[in-house]
Each structure stands twice: as C-alpha cells, then as structure tokens.
Amino acid sequence: MSLSDLQNALYNEMQVMLADYRVKDETNNPSPFNFYRGKVPLRTSDEDPSYIPYILVRVREGIVPESQSDNSTAKAVIVIAVYDDGADYVVENDVLSVIQRIIERFSKDALLGDKYNFTGRMEWALSDEDTYPYQFGGVEIEFTLPTIVKEDDYS
C-alpha cells in the first residue's frame, strides 16, 4: 500500500464513473474528459492540444495518528475543468453534475478499490474567478488508509 496507490485507485474510479459523460471541447464538439494524476501537462505552445475538459486527481495531505488504534487518513482533490463559449449556456451545470456523481458514488458505496474507505468527509466548491469560457470546480474527499502495524522484535 502506498499513497500513490490511493491516487491511482481514485483516478481509475473517475475514469469508470465518467466514461459516458460528454462535454464540449474547445472546438465545440462533444468530448469525453481527459484524466490526469498529480498535475495537468503544461502547454508549451499554442499548437499543443488543449487538455480541457479534464479531471485531475491528486492526493493532497494526510494524517498519521499517534495511536495505532486510530486509522491514518489521506485527503484527495478532484479538479473538474470544462469549456463552453455559448452565450446561453450555464457551464457550471456540467461541473455541478460531475460533483453530484462523485457525492452519490461515495455516499452509496464507501469502499474504493479493496483498501480505502471514504470517511464521510467531503467538501466541494466552484471557482469564484470569472474564467469564461472555462469553469472549474473541485471536490476534496477523505479516505482511511490500511492500518500499519508496529513491528515488535519480542512478539
């Protein structure tokens, strides 16, 4: 078990959950999400492909408790980025729909893979910035990690 295993499990889950979801890309064609772990690749020129729409999954922080009777936890962040330049389109609807899918998924089944459990702590937000024609949102979600048992030379 490693923290990157948690990130990979959440990344894989997002791909499964959103496989059928389509939003506009920057050419105004229906497009599936691009999925990334850790960070979105940098565009080095205007000729580079756009990465939007995307879902970014990143393990952000965690807590290892003093007592071994308590579980360690880790927080992951899921960033959602979409595009739409239509004058009558409310672009945050797509972001809110994805957030709702994430909430429903982990409310119904707390297990991620076979090692990680959703603790019930989840926060979400939309970007406050005016980034038209782009919209960003995110979910912070907390999981318990498998317990690491202290080794004792005399047991």
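Within the range 124-152, the residues that satisfy the criterion of being exposed (fewer than 14 other Cβ atoms within 10 Å of the Cβ), more than 17 Å from the chain's Cα centre (by Cα) and closer than 25 Å to Val82 by Cα are Asp128, Glu129, Asp130, Thr131, Tyr132. Taking the range 1-10 as the range and being among the small types (Gly, Ala, Ser) and modelled with pLDDT of 95 or more as the test, only Ala9 passes. Among residues of the range 71-120 being of a type in the set (D, E, K, R) and without any contact (Cβ under 8 Å) to a residue 24 or more places away in the chain, the one that is surrounded by the fewest Cβ atoms within 10 Å (Cβ to Cβ) is Asp88. Considering the range 1-106, the qualifying strands (runs of 3 or more DSSP E), each wholly inside and each with 3 or more residues that are in contact with a Ser or Thr (Cβ under 9 Å, 6 or more places away or on another chain), run over 54-63, 73-83. One residue alone among Arg58, Arg121 is of a type in the set (Lys, Arg), under 12 Å from the mean Cα position of the chain (by Cα), closer than 23 Å to Thr144 by Cβ and modelled with pLDDT of 95 or more, and that residue is Arg58.
Is it the case that some residue within the range 88-106 is within 15 Å of Asp5 (Cα to Cα) and touching an Asp or Glu at 6+ places or on another chain (Cβ under 6 Å)? No; the residues of the range 88-106 include none that is within 15 Å of Asp5 (Cα to Cα) and touching an Asp or Glu at 6+ places or on another chain (Cβ under 6 Å).
Taking the listed residues Glu26, Glu66, Glu13, Glu47, the one that is on the phi < 0 side of the Ramachandran plot and modelled with pLDDT of 90 or more is Glu13, with no other qualifying.
The values are calculated or read from the model by the stated rules, or taken from the named source; none is laboratory data. Since we're looking at a predicted model, the values are computed, not measured. All Cβ positions, glycine included, derive from the backbone under ideal geometry; neighbour counts span all protein chains shown.
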